[in-house]
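Down below is the structure, laid out as structure tokens.
The values are calculated or read from the model by the stated rules, or taken from the named source; none is laboratory data. Quick caveat, the model's predicted, so the values are computed rather than measured. Don't worry about glycine lacking a Cβ; one is built from the backbone with ideal geometry, like all the others, and counts go over all protein chains shown. For accessibility, only protein heavy atoms count, side chains too; no ligands or nucleic acids. Shrake-Rupley method; radii C 1.70, N 1.55, O 1.52, S 1.80 Å.
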Amino acid sequence: MARPLTSEPALAAAPPQGKVLRTPPKGQRVGTRKQTLWIWLFLMPTIVLYGAYTLYPIVASYWYSLVEWNGFQAEQRFVGISNYRAVIADPAFWSSVKITLVFMLLVAPARILLSLLLAIALNSPKLPFRNLFRTVYFLPVVTTTAIVGVVMQFVFDPSSGPVTSMLRLVGVEQGIDLLGDSGTALTTAAAVYVWKFFGITMVYWMAALQTIPSELYEAARIDGAGAWHIFRHITLPLLTPFLLIITVLTVEDTFHAFDLMQTMTGGGPFFSTEIIEIYIYRWAFNASIPQLGFASAAAVLFGVLVMVVGVLQAWALYAGRKSRRELS
Amino acid sequence: MAHVTRRSLLVGSGALLSTAALAACGGGGESAGPGPSGSLRWWDHFSALQKFHADWAAQQSQDLGKQVEYTYNDVSRSAEALQLANQSNQLPDVYSNVLDLPLSALVAEGWVHELQLSDEALARLPEGSLTEGITSLDGKVYGLPLFTSQQYAAAHWFNTDITTAAGLDPDDPPTTYDEYRAALEAIKAKGDGAAPMILALGGTARMREQIDDLAQVAGFPGFQGMKYATGEYAYDDDTYVNAIEFWKELNDSSLILAGSGGLTVADARSRWGAGVAGFFPDGPWCAGGVKNVAPAFVEKLGVGPILVPQAGTPVVTYRGAPGAQFFVAGSSADPEAASRLVESMTTTEYQAGLAGGMDQPPLDLSVVQDADVIEPYRKLAGWFEETVRRGPEAVVANPQIAQVEAASKPISPHLGDIVQGYLGGDITDLRGALKSLSDAFSADREQAIATATAAGAQVSLDDYAFPEWVPGQDWTPPSAG
Amino acid sequence: MTTTTPATSSRPVSAPPRTSLARRAAHRAPWWIAVLFLAGVAVLWVYPFVWMVSASLKSSMEVFTAGLTLIPEDFAWENYSRAWTDAGFGRYMINTVIVTLATVAIVVVRCALCGYVLGRYSFRGSKLIIGILIATLFVPTGYTIIPVVKLSMELGLLNSLTGMVLALAGASNVSAILIYAGYFRQLPKELEEAAVVDGAGFLRVFFRIMLPLSMPVTATVGLLTFLFTWNAFFLPLVFSFSRPELRTLSVGMQAFVGENATDWSGMAAAGVVSILPIVALFLFLQRFFVEGIAGAVKS
């Protein structure tokens, strides 16, 4: 039934295999009305779903952040920017911003650097059981974060959890309440988060390492270069551009620790693990009288923060790409 | 078109179809609003009454000739659940009151329906059960009170196995701070591995209630930080500071189970029921809660009254009028049947079952004396009757205060958070933190009064002051004369 | 190939291979030290899971008191039946399976369609669409939950599995679209040309040529969406607040702990039941999982 829809002014040569083109093949530019119809038909499911559940909510959040509304009553009273003022004046908001950033600083370097070491080890065919190790280290990634959070509560339980029993074994009688003490809770949560998502960063690095041609290593070895020398002068420089991408992905990831925190600490004790997502949740769903406008304002500010960090990183990425291009 | 294409399309639409099918099977009449296909939905958050209420629902299904679907929601979730249910027009026909809004706002927003209680039912309610502004509005009854207001949350439950082993007499429980500390020290000295006490520091709402009670019995002339006579907030009063310092001292001398910092109430109670600690401060519902999670442990329960700082301090605490526990949804498809379900809760049979559930004691405290309850619970109910008096409430004296309450905002960190933070070492200046709390409350109340006044309410700060209040006596609302 | 892991030693091991056995053994030694070290950490890595399985088979009392012993005195299989029936995890499992499969189907279909036209055609508005997609790539999820709830409620979909599925399937998934677009873009044009000459239309080109070719991408997108949906917590939490029977496994787990604080063995059994399917899937399809995640870096 279908007609030939495209007249192809065979323009550019076929794209080089396996390499992503930056511009779409020019050939299909023209197209009939029917083709346009098909194109939009294909886009429809995404436009509807994505529009309704991603775009509209973003826009709506901005509106809610300008009203006072408790969710119980129908009334939404327009209050201008006073929600923003209230959020900015709330020390607990800034404390949650700080906690979010500290959490990021605890998690991201550990994940990025330690997983690089592991990836290098696993990348070597000489290492016995490397597939087994890869499986084991990746395993926590696939498990449900919310369930891990709950299980960890028990693992770290100060009266009968295995960690406490282990500490008792080595002579620490008064068990340390790693999650229940505001001094250690955030660090413990960060450690669990590293454990949980370590495998992802490891796989990123392994993919990056595989892009380095083995001839390079061989040539270097023939020249008599030592392992450290090879690592320092071949592996590392070639990995630098990946470092940027991996950092971007990992940092973004640390902003979304809601599942783990909510199920493991709920933001406590005494707000010591209250990342912004939990702060928002608390005011939107968990307050005695929900403050949806206030929570939306906090959410918008959080979005701005994530965006600023994202833009900074995108800029770094761009700079990195440039340097890579100059390198090759 | 090639059949492959069609098949692919079929796969795609099959996915969509299966989603549509979900709507049918997963949803099960959800969009029909309350009471689909002639059934009544009943939600509450009374964990100790789960079994009793499930049975009662089954029995009422027969009496009403209408299926009654009873659902228990954990208290920490129920407000959120109701909020979402309301927004999606799915409020249950009958639900327990966990909403932090004054009755007038609930009525105005259509959350509640007038209760059509028969005269017999009204006659069965003890005198003073219904209060204008709390359970009723303009003479119409909206909420049914179930529980007495004569109670407190800071009773001291203990595990008699542990206390007896430590040489303590279960019939002579500690009543003062010193006696209590000595009892804890005795358990610690015995060294059986059980902690002297457990405290649900993570249950900050409960911490708040308990410290409010402890401050009151130590002489704070008001409730929830507000002085009755003047209406001022004074959380930084000595009574509050001393009560919190007492817990802090117990905590610092390792008399509280290590790791209590993050325990919720249910968590702490279950652990206590498993025998990890001697004492556990909790409300009367502790007995019913334990019965649910560890039935065998009920036999080992003992209870002591609220603690006073020094021997000889008169034991008296104050509470307002009984609150509304059950509402009928404004959107109920069959408010008459829902009302009848609520009305059934006034019967003697229900009241006896209620007492037997050992949650909060029933409106008529005397019912407890003959009900099927454990001895400590009976004893506690007796103490309540002797020592809890009625305190003044602004909303009862001036119903328009409801508009102020509707305009007030949650304060954070609250008293319970401060207690948790101070015991955990995150707050060092306790009095300063309590002062900020008072200031935050005062500021919010001013803001709320301004909002309410702007909306036409006749309210002022004076409505919160009750200069004529006499300590140690029941307050009588002005209209009741 | 002598990249040593710094974990073992920083000394170079670069001597050219000799036939002497002793030399060979010396040469291999650092690797075995690395294995020992990695194995030690690996034990730590899987310990929480081992502990969970062990706790799920102990009696409630034993799990409280037994400390570090991993082998239960008696195997208490009834923990599983308690979690499955009494705690409702059977129901939660069905919900999770339904929600996950439906979401994966919708996401794969819609992302393939969208990625195809964006990757292969340049039309009016295509730049704008790509721009919007990329702009929202980093919008934090969960941040927009309030409007999502409001919208679902207005559509009458709140507190239903349908609403949950639509919200999960509508949540950005920008990277899936971009993966598809990137993949379709690099396919040689001759493929279509030949088909068009044969008289194939738009639909036919897509379904007969493009879609079958994109199976590796579909596998990746499908698996990653599966992983994401199976483990989703926030949306299912909000969508099942007032209807406990709609809970998914992750939400049910939290509720279970809230209601049965000391039933550690039941909790552990529930956790095992919830995690087992996804772990099994991972073990069988490991390659796809790993490649899917690695794809994020490569592109």
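Quick look at the numbers
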item: Residue within segment B:356-379 that is crowded, with 19+ Cβ neighbours inside 10 Å, within 18 Å of the chain's Cα centre (by Cα) and among the polar types (S, T, N, Q) present; result: yes
item: Segment B:247-261: number of residues that are away from chain A (no Cβ under 14 Å) and open to solvent by less than 10 Å² (accessible area, probe 1.4 Å); result: 2
item: Helices (runs of 4 or more DSSP H) contained entirely in segment B:368-409, each with at least 1 residues that are within 18 Å of B:Q224 (Cβ to Cβ); result: B:394-397, B:401-407
item: Qualifying positions in segment B:303-342 - touching a residue at least 60 places away in the same chain (Cβ under 8 Å), small (G, A, S) and in a loop (DSSP other than H, G, I, E, B); result: B:A311, B:G320, B:A321, B:G323, B:A324, B:G330, B:S331, B:S332, B:A333
item: Pair list, Cβ under 6 Å, 6 or more apart: segment B:39-59 residue more than 14 Å from every other protein chain (Cβ to nearest Cβ) and in a strand (DSSP E or B), other residue of a type in the set (D, E, K, R) and open to solvent by 30 Å² or more (accessible area, probe 1.4 Å); result: B:L40/B:K66
item: Total residues in segment C:125-137, condition open to solvent by 50 Å² or more (accessible area, probe 1.4 Å) and modelled with pLDDT under 85; result: 3
item: Hits in segment C:88-126 - residues which are within 12 Å of chain B (Cβ to nearest Cβ) and among the small types (G, A, S); result: C:A102, C:A105, C:A112
item: Residue within segment C:81-99 that is basic (K, R), at pLDDT 90 or above and open to solvent by less than 10 Å² (accessible area, probe 1.4 Å) present; result: no
item: Helices (runs of 4 or more DSSP H) lying entirely in segment B:68-173 (those with 2 or more residues that are more than 30 Å from B:G278 (Cα to Cα), more than 9 Å from every other protein chain (Cβ to nearest Cβ) and open to solvent by 20 Å² or more (accessible area, probe 1.4 Å)); result: B:103-108, B:119-124
item: C:R110 vs. criteria surrounded by 19 or more Cβ atoms within 10 Å (Cβ to Cβ), more than 18 Å from the chain's Cα centre (by Cα) and basic (K, R); result: yes
item: Given (1) over 20 Å from the mean Cα position of the chain (by Cα); (2) modelled with pLDDT of 95 or more, index of the condition B:T347 fails; result: (2)
item: Answer from A:S61, A:S82, A:S124, A:S96 - the residue that is within 24 Å of C:Q286 (Cα to Cα) and open to solvent by less than 60 Å² (accessible area, probe 1.4 Å); result: A:S124
item: Matching residues, segment A:181-193, being touching a residue at least 60 places away in the same chain (Cβ under 8 Å) and open to solvent by less than 20 Å² (accessible area, probe 1.4 Å); result: A:A185, A:A189, A:A190, A:V192, A:Y193
item: The lone exception for B:L430 - which of (1) open to solvent by 50 Å² or more (accessible area, probe 1.4 Å); (2) within 14 Å of chain A (Cβ to nearest Cβ) it fails; result: (1)
item: Breaking point among (1) in contact with a Phe, Trp or Tyr (Cβ under 7 Å, 6 or more places away or on another chain); (2) within 8 Å of another protein chain (Cβ to nearest Cβ); (3) closer than 22 Å to C:Y116 by Cβ, for C:A294; result: (3)
item: Pick from segment A:52-98, criterion in a loop (DSSP other than H, G, I, E, B) and within 10 Å of chain C (Cβ to nearest Cβ), ranking: nearest to B:Q447 (Cα to Cα); result: A:W69
item: Residue match in segment A:190-202 (condition: within 22 Å of C:L276 (Cα to Cα) and at the interface with another protein chain (Cβ under 8 Å from one of its Cβ atoms)); result: yes
item: Evaluation of B:Y180 against (1) within 14 Å of chain A (Cβ to nearest Cβ); (2) at pLDDT 95 or above (one fails), failing number; result: (1)
item: Residue check, A:V148 modelled with pLDDT of 95 or more and out of contact with any Asp or Glu (no Cβ under 6 Å at 6 or more places or on another chain); result: no
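Let's see how each residue does on (1) of a type in the set (K, R); (2) within 16 Å of A:N123 (Cβ to Cβ); (3) touching a Phe, Trp or Tyr at 6+ places or on another chain (Cβ under 6 Å); (4) at pLDDT 90 or above:
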residue: A:K196; (1), (2), (3), (4): yes, no, no, yes
residue: A:W205; (1), (2), (3), (4): no, yes, no, yes
residue: A:I212; (1), (2), (3), (4): no, yes, no, no
residue: A:H229; (1), (2), (3), (4): no, no, no, no
residue: A:L244; (1), (2), (3), (4): no, no, no, no
residue: A:T273; (1), (2), (3), (4): no, no, no, yes
